[in-house]
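S.K.: Can you keep this structure in mind? I'll have questions shortly.
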Amino acid sequence: MSNDVPHGWSPESWQSRPAVQQPVYPDAEALRLALAELARLPPLVTSWEVNNLKAQLAEAQAGSRFVLQGGDCAESFADCESALIANRLKVLLQMSLVLVHGLRKRVVRIGRFAGQYAKPRSADTETRGGVTLPCYRGDLVNAPEFTETARAADPQRLLEGHKRSALTMNFTRGLIDGGFADLHHPEYWNLDWVEHVVHANEYRQRVEAIGESLRFIETLAGQTISDFNRVEFYTSHEALLLHAEAAQTRRVPRQPGWYNLSTHFPWIGMRTAAVDGAHVEYCRGIRNPIGVKVGQAMSAEWVLQLCELLNPANEPGRLVLIHRMGAARIAQYLPPLIEAVRAKGHRVLWLCDPMHGNTQTLANGLKTRAFADILAEIEQAFALHAGCGSQLGGVHLELTGEHVTECLGGARDLSASDLERAYRSAVDPRLNYEQALELALRIVSIKGAAGTA
Ligand code: PEP
Ligand code: CO
């Protein structure tokens, strides 16, 4: 049995540990009924997809693939809409093609969607004009309006979230199966922005080269790319609301252990990564690959304990450490962690989240991130890993396929005064379509310049 389920673990064993960031549901019976329904509904993903992703993450760790993980900071129920889903998929596919071409590696594509509906918050309550209410924790929990009714945690939202995740998955799978992969062709790309950058020639040449490569392959095969290139796409979300995650954790015929079948790749956020906490307890027992966010406050000892708890068998592809230090701090805080993990022989895949350590608040109160900081953190991450004999296996980004103005800089050099024009995020600022595509192009030039592509 020890191979099957870790000692002392069950889908509910997390309840004996301190569980931070959980809503208080005023109606316990309503919560019980909603969870029972959630446990009965068909799952969003399958165990063989989860196993395939784990095998691909193991290849990324061995250096033969690169991971592109991206999507909204938080999805909203209102954004479960065809154009938004299609545009997000489009930018992720286009970025992945740039990365495949430039890095000469297959790319593992992981969306931050179809379940990214709950957010950790810095305070449990919010006070306005002398009135204190529970904080807004994402559409999976409550509504953002500042009223008692809106802010009450409503278990029916867990079912609504499952439904909208299923709609998102269904449409995503349909687009991919139906030849949406044609969007790989640069003819479909929106590249007007390229003329605004110093790297314009390099970008144009790269995109032309991608087009030529595709036409060459198609001529050779006598088929269009969408006929033989079955794109794989995986989903991920922060495993935050443990009641809901546990309700979607299942046994599968002829497979050992338990799988979280609400997503392929759940991750533990920085605020919930305590070694003796409920989130680590829950995640240690499921078979999915697990991500953990690693901030500057995490000591080497803490990271090593996480490796032992979450991957005691040292299984490749199981544990993904997603560092998010900030461009100004990564050089100081990352190398000791890489060294410590390497010295103990832990097999982990390292990803860089260049978003969450680079958030700033402007004088007008808007939260933003500068493209230059995001790029600088990624650039340093590649070099720091190489310097420690390790490798950066991918990036974790907050982005959208829309033309929002939430992050500063990029080809159009968005300034603080541009941001109000199309700032749509209710939580963290995202790269827009152009900034996201440009970032992929920059990543391949960094690697090209380092001579390691
Ligand atoms: C996030 O990914 O949106 C997030 C909250 O990240 P972190 O846990 O790294 O702060
Ligand atoms: Co975020």
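S.K.: Quick one: Ile378 ticks every box in (1) in contact with a Leu (Cβ under 7 Å, 6 or more places away or on another chain); (2) within 16 Å of ligand 1 (Cβ to nearest atom); (3) in a helix (DSSP H, G or I) bar one, so which box is it?
M.R.: So Ile378 meets the others, but not (1).
S.K.: To continue, here is another question. Scan (1) part of a helix (DSSP H, G or I); (2) over 26 Å from the mean Cα position of the chain (by Cα) for the single condition Asp4 breaks and write down its number.
M.R.: The failed condition is (1).
S.K.: Residues Val98, Val107: which one is surrounded by 19 or more Cβ atoms within 10 Å (Cβ to Cβ), of a type outside the set (S, T, N, Q) and over 15 Å from the mean Cα position of the chain (by Cα)?
M.R.: Answer to the check: Val98.
S.K.: When the residues of region 49-69 are filtered to those that are in contact with a Pro (Cβ under 7 Å, 6 or more places away or on another chain) and within 20 Å of Leu93 (Cβ to Cβ), which remaining residue is surrounded by the most Cβ atoms within 10 Å (Cβ to Cβ)?
M.R.: Ranking the candidates gives Leu57 first.
Results for (1) within 16 Å of ligand 2 (Cβ to nearest atom); (2) modelled with pLDDT of 95 or more, shown as yes or no for each residue.
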| residue | (1), (2) |
| --- | --- |
| Gly345 | no, yes |
| Leu349 | no, yes |
| Leu366 | yes, no |
| Ile374 | yes, yes |
| Gly387 | no, yes |
| Leu414 | no, yes |
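S.K.: In this structure, is Ala340 over 27 Å from Glu49 (Cβ atoms), in contact (Cβ under 8 Å) with a residue 12 or more places away in the chain, more than 16 Å from ligand 2 (Cβ to nearest atom) and touching a Pro at 6+ places or on another chain (Cβ under 6 Å)?
M.R.: Judged against the criteria, Ala340 is not a match.
S.K.: Can you pull out the residues in region 50-74 that are in contact with a Gly (Cβ under 8 Å, 6 or more places away or on another chain) and within 16 Å of ligand 1 (Cβ to nearest atom)?
M.R.: Val67, Leu68, Gln69, Gly70, Gly71, Ala74
S.K.: List the pairs whose first member sits in region 373-388 and is without any contact (Cβ under 8 Å) to a residue 60 or more places away in the chain, whose second member is β-branched (Val, Ile, Thr), and whose Cβ atoms are under 6 Å apart, counting only residues at least 6 apart or on separate chains?
M.R.: Listed by first residue and then by second, the contacts come to Glu377/Ile330; Gln380/Ile330; Cys388/Ile338.
S.K.: Kindly indicate which of Ala74, Ala55, Ala30, Ala60 is at pLDDT 95 or above and more than 20 Å from the chain's Cα centre (by Cα).
M.R.: Ala30
S.K.: So is Val292 surrounded by 24 or more Cβ atoms within 10 Å (Cβ to Cβ), hydrophobic (A, V, I, L, M, F, W, C) and free of Cβ contacts under 8 Å to residues at least 40 places away in the same chain or not?
M.R.: yes
S.K.: Have a look at Leu392, Leu397 and point out the one that is assigned to a loop (DSSP other than H, G, I, E, B), at pLDDT 95 or above and not aromatic (Phe, Trp, Tyr).
M.R.: Every option except Leu392 fails the conditions.
S.K.: What are the pairs, 6+ residues apart or on separate chains, where a residue within region 309-324 that is of a type in the set (S, T, N, Q) has its Cβ under 8 Å from a residue that is surrounded by fewer than 17 Cβ atoms within 10 Å (Cβ to Cβ)?
M.R.: Partner pairs satisfying both residue conditions: Asn314/Gly345.
S.K.: Just wondering, is there one or more residues in region 70-85 that are crowded, with 20+ Cβ neighbours inside 10 Å, touching a residue at least 12 places away in the same chain (Cβ under 8 Å) and in a helix (DSSP H, G or I)?
M.R.: Yes, there is a match, as at least one residue in region 70-85 is crowded, with 20+ Cβ neighbours inside 10 Å, touching a residue at least 12 places away in the same chain (Cβ under 8 Å) and in a helix (DSSP H, G or I).
S.K.: Let me ask something additional. Checking the condition surrounded by 22 or more Cβ atoms within 10 Å (Cβ to Cβ) and farther than 22 Å from His356 by Cα, which residue from Ile286, Ile322, Ile268 passes?
M.R.: Ile286
Conditions (1) over 27 Å from the mean Cα position of the chain (by Cα); (2) under 30 Å from Gln223 (Cβ atoms); (3) assigned to a helix (DSSP H, G or I), marked per residue:
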{"residue": "Glu145", "(1), (2), (3)": "no, no, no"}
{"residue": "Asp154", "(1), (2), (3)": "no, no, no"}
{"residue": "Arg164", "(1), (2), (3)": "no, no, yes"}
{"residue": "Met169", "(1), (2), (3)": "no, yes, yes"}
{"residue": "Arg173", "(1), (2), (3)": "no, yes, yes"}
{"residue": "Val194", "(1), (2), (3)": "no, yes, yes"}
{"residue": "Glu208", "(1), (2), (3)": "yes, yes, yes"}
{"residue": "Glu212", "(1), (2), (3)": "yes, yes, yes"}
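S.K.: Please determine whether any residue of region 348-370 is within 16 Å of ligand 1 (Cβ to nearest atom), assigned to a helix (DSSP H, G or I) and buried (at least 17 other Cβ atoms within 10 Å of the Cβ).
M.R.: No, because not a single residue in region 348-370 is within 16 Å of ligand 1 (Cβ to nearest atom), assigned to a helix (DSSP H, G or I) and buried (at least 17 other Cβ atoms within 10 Å of the Cβ).
S.K.: Can I ask one more? Quickly run through region 231-246 and pick out the residues that are farther than 14 Å from Leu93 by Cα and of a type in the set (A, V, I, L, M, F, W, C).
M.R.: Ala239, Leu240, Leu241, Leu242, Ala244, Ala246 - these are the residues of region 231-246 that are farther than 14 Å from Leu93 by Cα and of a type in the set (A, V, I, L, M, F, W, C).
S.K.: Within region 416-441, count every residue that is touching a residue at least 12 places away in the same chain (Cβ under 8 Å), more than 20 Å from the chain's Cα centre (by Cα) and either in a helix (DSSP H, G or I) or more than 16 Å from ligand 2 (Cβ to nearest atom) (or both).
M.R.: Residues in region 416-441 being touching a residue at least 12 places away in the same chain (Cβ under 8 Å), more than 20 Å from the chain's Cα centre (by Cα) and either in a helix (DSSP H, G or I) or more than 16 Å from ligand 2 (Cβ to nearest atom) (or both): 6 in total.
S.K.: Within region 245-253, identify whether any single residue is within 16 Å of ligand 1 (Cβ to nearest atom) and under 30 Å from Ala340 (Cβ atoms), and answer yes or no.
M.R.: Yes, some residue in region 245-253 is within 16 Å of ligand 1 (Cβ to nearest atom) and under 30 Å from Ala340 (Cβ atoms).
S.K.: Within the set of pairs 6 or more residues apart or between chains, which connect a residue that is loosely packed, with under 10 Cβ neighbours inside 10 Å inside region 123-151 to a residue that is outside any strand (DSSP E or B) with Cβ atoms less than 7 Å apart?
M.R.: These pairs meet every condition: Ala123/Cys135; Arg128/Phe146.
S.K.: Being in contact (Cβ under 8 Å) with a residue 40 or more places away in the chain, assigned to a loop (DSSP other than H, G, I, E, B) and away from ligand 1 (no atom under 16 Å from the Cβ): is that true of Val20 here?
M.R.: no
S.K.: A further question on this structure: Report every pair of residues separated by at least 6 positions or lying on different chains whose Cβ atoms are under 8 Å apart, first residue within region 219-238 and among the hydrophobic types (A, V, I, L, M, F, W, C), second part of a loop (DSSP other than H, G, I, E, B).
M.R.: Close Cβ pairs (under 8 Å, with a partner that is part of a loop (DSSP other than H, G, I, E, B)) amount to Ile225/His185.
The values are calculated or read from the model by the stated rules, or taken from the named source; none is laboratory data. Here the structure is a predicted model, which means the values were calculated and not measured. Positions of Cβ are generated from backbone atoms using ideal geometry, with glycine treated the same way; all protein chains shown enter the neighbour counts.
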